[in-house]
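Enquirer: Here it is, the structure, as structure tokens.
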Amino acid sequence: MEYKVGVISGDGIGPEIVGEAKKVLDAVGKKYGHSFIYDDILMGGCSIDKTGEPLTDGAIEQAKKSDAVLMGSIGGNTATSPWYKLPPEKRPEAGLLKLRKSLNLFANLRPAYLYEELKAACPLREDIIGDGFDMAIMRELTGGLYFGERETKEVNGVRQATDTLTYNEEEIRRITIKAFDIAMKRRKKVTSVDKANVLDSSRLWRNVVEEVAKDYPEVSYEHMLVDNAAMQLVKDPKQFDVILTENMFGDILSDEASMVTGSIGMLSSASFNDTKFGLYEPSGGSAPDIAGKGIANPIATILSAAMMLRYSFDLDKEADAIEGAVRSALKEGFRTIDIMPQKGESLDGIKQVGTKEMGDIIAERI
Ligand code: IPM
Ligand code: MN
């Protein structure tokens, strides 16, 4: 089969890590007889530099014509890059938000799984890690604070800024259904995270989750306040199967969840609408501090490509092959710098490699 993959390499480490994911996809294509046709799409700082806009209408059209989009990362150093002197709607991140909104990508799935081999990179205590953990964060992606009305003005000579957090019941229902559907394929537990002791939007969230839960009698669910959830993630991550939450809480908790798996460089992510289309990207950012050094971990992007095969193209055994190749590379001791054993842990059989070598090693194991 032939698949049309839109490719947003983006900024910072983006082009490096996407290059490795394409290498692995090509290895899959060769072995299983598929061809992946790549269409480069400009987004983020590189698009600002070329077109003056972080995402042009033409780029959105290219994305819409693709079967799925694979993305690296966008943005730069917010303190030093000239992109951040521009008004907010012209900055790199605005391109990503516009893409999510234009394609109605309301559901963002971020699996966080601790590889046996990476226990030494996990910052948690041995007794907390136990046999490891495996959770999936379902983050609402096109509502809440990210897309609410906002304003900055001066009131009686004092600067004031406002952001608003709005959800309607339909937005909550559709993401809740996605979370319960995915829970049915996993350990059948949903933890819905909110701040219902303070926020109206969270109280509505709770009500709608309870309504949807009635249709899934096999799934057990609970509500958890977000501050407690942040604590539970490091205290007892094993308790989580599917975490369902709104946009900003999900942004924060997914970074935290990735860190307990050893590194944000391991965490893949997929964003869905109601079709087979998806946007696949690592959860991490553009890491401008290490861009161009050849040391970034490409695994999250490679695993995002595996998610693309599984969810957009229904190529399960090909996705399994990528995930298996990643596991083999780790088992054989290959590590990028971010997943090296922590101080005091053994370095026996461990080999530190760069971005390209890691890509080669994984591609060879397909
Ligand atoms: C993410 C990123 C984005 C977000 C930024 C780049 C706008 O942090 O995908 O988690 O906050 O959603
Ligand atoms: Mn984030």
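Enquirer: Based on this model, can you work out whether E246 counts as crowded, with 22+ Cβ neighbours inside 10 Å and either away from ligand 1 (no atom under 16 Å from the Cβ) or in contact (Cβ under 8 Å) with a residue 12 or more places away in the chain (or both)?
Expert: Answer is yes for this residue.
Enquirer: Another one. In segment 255-284, which residues are within 14 Å of ligand 2 (Cβ to nearest atom) and either surrounded by fewer than 19 Cβ atoms within 10 Å (Cβ to Cβ) or over 17 Å from V5 (Cβ atoms) (or both)?
Expert: Within segment 255-284, D255, E256, A257, S258, M259, I264, G265, L267, S283, G284 qualify.
Enquirer: Among the residues of segment 41-53, is any exposed (fewer than 14 other Cβ atoms within 10 Å of the Cβ), assigned to a helix (DSSP H, G or I) and β-branched (V, I, T)?
Expert: yes
Enquirer: Check A68, A107, A112 and return the single one that is in contact with a Lys or Arg (Cβ under 7 Å, 6 or more places away or on another chain) and under 30 Å from T176 (Cα atoms).
Expert: A107
Enquirer: Could you identify the single residue in I128, I175 that is closer than 20 Å to D255 by Cα and open to solvent by less than 10 Å² (accessible area, probe 1.4 Å)?
Expert: I175
Enquirer: Scan segment 285-301 and tell me whether some residue there is more than 15 Å from the chain's Cα centre (by Cα), crowded, with 23+ Cβ neighbours inside 10 Å and either in contact (Cβ under 8 Å) with a residue 12 or more places away in the chain or within 16 Å of ligand 2 (Cβ to nearest atom) (or both).
Expert: Scanning segment 285-301, I find at least one residue that is more than 15 Å from the chain's Cα centre (by Cα), crowded, with 23+ Cβ neighbours inside 10 Å and either in contact (Cβ under 8 Å) with a residue 12 or more places away in the chain or within 16 Å of ligand 2 (Cβ to nearest atom) (or both), so the answer is yes.
Enquirer: List every residue pair whose Cβ atoms lie under 6 Å apart, where the two residues are 6 or more positions apart in sequence or sit on different chains, the first residue falls within segment 82-111 and is open to solvent by 60 Å² or more (accessible area, probe 1.4 Å), and the second residue, located anywhere, is of a type outside the set (S, T, Y).
Expert: Filtered contacts from segment 82-111: R91/W83; E93/G75; K98/L55; N104/N273.
Enquirer: Let me ask you something else. Checking the conditions here, which among D236, D251 is open to solvent by 10 Å² or more (accessible area, probe 1.4 Å) and either of a type in the set (A, V, I, L, M, F, W, C) or within 13 Å of ligand 2 (Cβ to nearest atom) (or both)?
Expert: D251
The values are calculated or read from the model by the stated rules, or taken from the named source; none is laboratory data. Please read all numbers here as calculations on a predicted model, not as lab measurements. Ideal geometry is used to build each Cβ from the backbone, glycine not excepted, and the neighbour counts take in all protein chains shown. Note: areas computed on protein heavy atoms with side chains; ligands, DNA, RNA excluded. Shrake-Rupley method; radii C 1.70, N 1.55, O 1.52, S 1.80 Å.
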